[in-house]
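Everything on this sheet refers to the single structure shown next.
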Amino acid sequence: MPTTTLKLGDVEITRVIEFSDVSPMTTDVFFPGSEPEQWQRHAALLDPDHWDARTDLTRVATQSWVLRSEGGVIVIDTGAGNGKYRPLQPIWSYLDTDYLGNLAAAGVRPEDVDLVVNTHLHDDHVGWNTRLDGRDWVPTFPNATYLMPQTDVTYWHPDNLHRTRFGRGNQNVYEDSVQPVIDAGLVTTWEDSYVIDAHLRLEPAPGHTPGSSVVHLESEGDRAVFAGDLLHGAIQIHEPHLNSCFEEDEDAARASRARMFAYAADHNALVLPAHLPGHGAFEIRREGAGFGLSRWAPFSRTAAAGAPAAVRARRGGTA
Ligand SMILES: [Zn+2]
């Protein structure tokens, strides 16, 4: 029976997929410095859900983790969104996915959402913060508080974009997916840490972006970490020193990943990143000086070859 939901302690976790497909990035582009033999060594783990060995193309998903906790509905990360122009990120440009339909299938209407957590303010984590209404970007979740790391709100402001490493990769993002929810009075920013409720708290995990953060779940002895972009691929379980090509601060990204992995291994915490296809989440154990997979989460695999229409993007517009 395909599973999209599991319960940890008193918190229900539902995986809502926006997009799952082959990415245009080969392994050496997505994970600079990674060697072909590293992928071959872990091929049984990676192929076909995370990597296509024949083409060397990586696979990537965008997904929200929807939590029901203490009567509230919480959405962690909001994907790339529909109809957004991303001149240097064509994979996320002018998407037309059925994300809201997938959310509805999980029993969530936009007006039901109480809290949105943006782990950081990259284009593929804030997209569904807003939707197009006529010519205006309006909040998708009109009754929600949107939690954003203050550090990223400052860092990704358009006035500072030229000083960032990702630069125009994040072009238009603040204007169409951040500013409209600020203007609507729905944004709460946080620094240091933020307690969401008795089971959930936000902690900084800088590196990928300066404001990158993770959500810790602790409930009835169960633990999980919603890891955002602390990792982008399953290869990093076995090769945790590998960074993606999207890190603002390489050393800090490695340090935050190492700290999160050590915590997860030592506390038997489920790790739920934003972009993992396949089963989407995993448990790890220490293995030598690094880590190894203990087991995948029980979520259904995203289809490896020919994902269902609901999770494939239909491209509109003329990007
Ligand atoms: Zn991302």
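Could you count how many residues in the stretch 83-121 are of a type in the set (A, V, I, L, M), open to solvent by 30 Å² or more (accessible area, probe 1.4 Å) and within 28 Å of residue 202 (Cα to Cα)?
3
Are there any pairs, at least 6 apart or on different chains, whose C-beta atoms fall under 6 Å, with the first in the stretch 74-102 and free of Cβ contacts under 8 Å to residues at least 60 places away in the same chain and the second open to solvent by less than 10 Å² (accessible area, probe 1.4 Å) and not in a loop (DSSP other than H, G, I, E, B), and if so, which?
Pairs found: 92/123.
Can you name the residue in the stretch 216-241 that is away from the ligand (no atom under 16 Å from the Cβ) and either assigned to a loop (DSSP other than H, G, I, E, B) or among the aromatic types (Phe, Trp, Tyr) (or both) and, of all such residues, is most open to solvent (accessible area, probe 1.4 Å)?
220
State all residues of the stretch 146-160 that are part of a helix (DSSP H, G or I) and either open to solvent by 30 Å² or more (accessible area, probe 1.4 Å) or touching a residue at least 60 places away in the same chain (Cβ under 8 Å) (or both); if no residue qualifies, say none.
Within the stretch 146-160, 150, 151, 152, 154, 155, 158, 159, 160 qualify.
State the number of residues belonging to the stretch 121-142 that are touching a strand residue (DSSP E or B) at 6+ places or on another chain (Cβ under 6 Å) and either within 16 Å of the ligand (Cβ to nearest atom) or at pLDDT below 95 (or both).
Within the stretch 121-142, residues that are touching a strand residue (DSSP E or B) at 6+ places or on another chain (Cβ under 6 Å) and either within 16 Å of the ligand (Cβ to nearest atom) or at pLDDT below 95 (or both) number 1.
Given the criterion open to solvent by less than 30 Å² (accessible area, probe 1.4 Å) and either in contact with a His (Cβ under 7 Å, 6 or more places away or on another chain) or modelled with pLDDT of 95 or more (or both), identify the matching residue among 256, 294.
Values: 294 fails: open to solvent by less than 30 Å² (accessible area, probe 1.4 Å).
Of 256, 294, the one residue that is open to solvent by less than 30 Å² (accessible area, probe 1.4 Å) and either in contact with a His (Cβ under 7 Å, 6 or more places away or on another chain) or modelled with pLDDT of 95 or more (or both) is 256.
Please determine whether any residue of the stretch 175-189 is open to solvent by less than 10 Å² (accessible area, probe 1.4 Å), farther than 21 Å from residue 297 by Cβ and either out of contact with any strand residue (DSSP E or B) (no Cβ under 9 Å at 6 or more places or on another chain) or within 16 Å of the ligand (Cβ to nearest atom) (or both).
Within the stretch 175-189 (the criterion being open to solvent by less than 10 Å² (accessible area, probe 1.4 Å), farther than 21 Å from residue 297 by Cβ and either out of contact with any strand residue (DSSP E or B) (no Cβ under 9 Å at 6 or more places or on another chain) or within 16 Å of the ligand (Cβ to nearest atom) (or both)), the answer is yes, since at least one residue qualifies.
Pairs please, first residue from the stretch 111-137 and over 23 Å from residue 68 (Cβ atoms), second anywhere and in a loop (DSSP other than H, G, I, E, B) and among the aliphatic types (A, V, I, L, M), Cβ atoms under 8 Å, 6+ apart in sequence or on different chains.
As it stands, the answer is 123/80; 124/80; 124/274, since those pairs meet every condition given.
The values are calculated or read from the model by the stated rules, or taken from the named source; none is laboratory data. Fair warning: this is a prediction, and the values are worked out from it, not measured in the lab. Counting neighbours? That spans all protein chains shown, and the Cβs are built from the backbone with ideal geometry, glycine included. These area figures cover heavy atoms from the full protein model, side chains too; ligands, DNA and RNA do not enter into them. Shrake-Rupley method; radii C 1.70, N 1.55, O 1.52, S 1.80 Å.
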